[in-house]
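For reference, the structure discussed in these notes is given below.
Just so it is clear, none of the values below were taken in a lab; they were calculated from the coordinates. Remember, it's a predicted structure, so these values are computed and weren't measured experimentally. All Cβ positions, glycine included, derive from the backbone under ideal geometry; neighbour counts span all protein chains shown.
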Amino acid sequence: MYDTIIIGAGLSGLAAGIRLAHYDKRVCILERHTTIGGLNSFYRQRGRDFDVGLHAVTNYAPQGSRRGPLARLLRQLRFRWEDFALVPQAGSSVAFPGVTLRFNNDFRLFEAEVAAQFPDQKDNLRKLVAQLIDYDDLDGSLFQRSTRALLAESITDPLLREMILCPVMWYGNARERDMDFGQFCIMFRSIFLEGFARPLAGVRLILRNLVRRFRSLGGELRLRSGVRRIQIEDGRAVGVELDNGEQLEARHVLSSAGIVETMRMSGERKELSPEPGQMSFIESIAVLDRLPRELGHHQTIVFFNDSETFHWERPQDEICDARSGVICSPNNFLYDGDVLPDGILRVTLMADYDRWCQLSADEYRLAKLHWFERTLASAARFVPDCRQHVIDMDMFTPRTIQRYTWHDNGAVYGAPEKRLDGRTKFANLFICGTDQGYVGIVGSLLSGILVANRHLLGDS
Amino acid sequence: MTPVEIREEILDILSDIAPDEDLSALQDDVAFRDQVELDSMDFLDIVMELRKRYRIQVPEADYPQLASMRSTVTYLEPIMKDMQRVS
């Protein structure tokens, strides 16, 4: 009998596992995939290392910082700052037609850019920042208010509103069109006030440190062990049944599989289940024959949108939407002498899960090639054209995401309605990860920590 | 354990929870939260570490007694006087 069974060896499950194992709980993490990481995994292909989803770790704080989400999670997991080896970004931007706002890990650059391009909004930006610094992310009562409505109260220029919403929605909004204000505050702080960084080795460094720690504390990790069913008796979870029929008993179950997916595993009727998310993506990964900076591209991340209005929704007319996207180069961090072996450009577009699923095998292969070209052509409007320098490529689609993470609709940011307290209708079944409300590397880790602390480290 | 040993143990727990803090100048009569960057989650870890290391259960009503080093040692002294250090 386990104290806690954790479903999913992603960042949130591993963080929760470390907390529980550290305090001598008997804990087992079950992962259906052959490897760890979930939405933030890694792989090797044709001799090259790739990250699955990582563009950058948000919530950056320099060594020695004692406040903020990163410092908090390092303390809680007993890691040193060096264990994550975060290297800050070179500089990023939001690019709309005719106007670009640069930003980096020093918020004064973004303030100066806004002051230069939107002089009458300088004080309004201050107002907004004051408002979202005051937002308490543990107080759920204001979480679901409309960001578009609240943003209009401080930022009176509609174009600037769209330019602020673009990166914030791209990096963590599960809801179409509008955004929960709580989520907006968390994401704005993590991107603009804290900032981007990346370990030279990518997310695998962080994941390997987490797994090593979890195992050294006596935690059990089982790969290729998908959970088919969460067994419920008298309104309580009593254990799980694996895909191979094996049954395991536990006092608590903590699931990072998503709220809709977890309720389905618990036998809940579909109509009683919350709505699944709709936001999914394709990402084209171009391996280049030279470094991006040799093509004149020095930025870490560029969030682009080709009109004055930013549309954050499942593509309506096509299989993908090339109007807006995110261009990330893992080369463009301040590595201090170290270099990655290849130049890489990753470009993300919004995509429609249903349409990608309707394609036959041949159509799917063709669609990937077609959209790789379309994606790079779209990106070439905002960064130097790299199409003549591509020596290898890879791509993930909504189908890839669903196949390896089992998240409905390949919804990267999960269901729109978050469960901030981690509870479900079953007393000892909890959720962590994306659908608890925090996203990104730091957010996922904090989510696991928070739910473990609140519900699973009691006296039982 | 003597009060001095209990104090050392608490320092050990604090340095475990907050390895980046300089604890050498910690003042015993000033609240931890006024000297060390600890939020409520970290504070709970002091309680949890006491339980892990010494099987001491601190009831929630007694948490205020753990506000400073002095009050913590005073609170733990009768409980820990017959215990041996484990770390």
Between the residues A:Met395, A:Pro292, A:Ser146, the Cα farthest towards the positive end of the dipole of the protein assembly as shown, that dipole coming from +1 and -1 charges on the beta-carbon of Lys, Arg, Asp and Glu, is from A:Met395
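Specify, per residue and in Å³, the volume enclosed by the convex hull of the alpha carbon atoms belonging to the protein assembly as shown.
165
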Partner lysines whose C-alpha sits under 29 Å from that of A:Lys418, ignoring same-chain residues fewer than 8 away, are A:Lys25, A:Lys127, A:Lys270
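What is the mean number of Cβ atoms from other protein chains located within 10 Å of the Cβ atom of each residue in peptide B:40-53, rounded to a whole number?
Partner Cβ neighbours, averaged per residue: 3.
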Note: A:67-75 gets an average of partner chain Cβ contacts (10 Å, Cβ to Cβ) equal to 3
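Work out the FRET efficiency for B:Asp22 and A:Glu82 from their Cβ-Cβ distance, taking R0 = 25 Å, and round it to the nearest 0.05. Walk me through the numbers on the way to the answer.
Working: r = 17 Å, r/R0 = 0.70.
After rounding, the FRET efficiency stands at 0.90.
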Whole-Å distance linking the alpha carbon centroid of region B:17-87 with that of region A:392-433 is 38
Farthest towards the positive end of the dipole of chain B, among B:Leu14, B:Pro59, B:Ile46 and with Cβ unit charges of +1 on Lys and Arg and -1 on Asp and Glu, lies the Cα of B:Pro59
Once normalised by the length of chain A, the mean sequence separation of its alpha carbon contacts under 8 Å that are 6 or more apart gives a contact order in percent of 24
The extension gain from A:Ser307 to A:Leu359, computed as 0.36 nm times the residue separation minus the Cα-Cα distance, is 15.7 nm
From the Cα centre of region A:1-36 to that of region A:86-121, the distance in Å is 40
One finds, for A:Glu417 and A:Arg454 with R0 = 22 angstrom and r their Cβ-Cβ distance, a FRET efficiency to the nearest 0.05 of 0.70
Projected onto the charge dipole of region A:92-194 (unit charges on the beta-carbon of Lys, Arg, Asp and Glu, signs +1, +1, -1, -1), the Cα from A:Asn105, A:Pro167, A:Ser190 with the largest positive-side position is that of A:Pro167
Looks like region A:22-110, by Cα gyration tensor root eigenvalues a ≥ b ≥ c and the a/c under 1.5 rounded cutoff (else prolate when a/b is bigger than b/c, oblate otherwise), is oblate
Here the Kirkwood hydrodynamic radius of region A:278-405, Cα-based and in Å, equals 15.2
Classified through the alpha carbon gyration tensor (a ≥ b ≥ c as square roots of its eigenvalues; rounded if a/c is under 1.5, else prolate when a/b is larger than b/c, else oblate), region A:418-460 comes out oblate
Per residue, the convex hull enclosing the alpha carbons of region A:1-158 has a volume in Å³ of 199
For A:Tyr43, placing the label point 7 angstrom along Cα-to-beta-carbon and taking region A:373-394, residues whose amide nitrogen sits under 15 Å are A:393-394
At the level of C-alpha centres, the distance separating region A:187-251 and region A:321-372, in angstrom, is 26
What helix-only [θ] at 222 nm does the protein assembly as shown give? Using -39500 (n - 2.57) per DSSP H run of at least 4, over all residues, to the nearest 500, the answer is -10000 deg cm²/dmol
Toy charge model, Lys and Arg Cβ at +1, Asp and Glu Cβ at -1: chain B dipole around Cα centroid in debye, rounded to 20, equals 480
Distance in nm between B:Ile56 and A:Glu176 label points, each 7 Å along Cα→Cβ, equals 5.7
Taking a ≥ b ≥ c as the square roots of the Cα gyration tensor eigenvalues, with a/c under 1.5 meaning rounded and otherwise prolate when a/b beats b/c or oblate if not, region B:3-80 comes out rounded
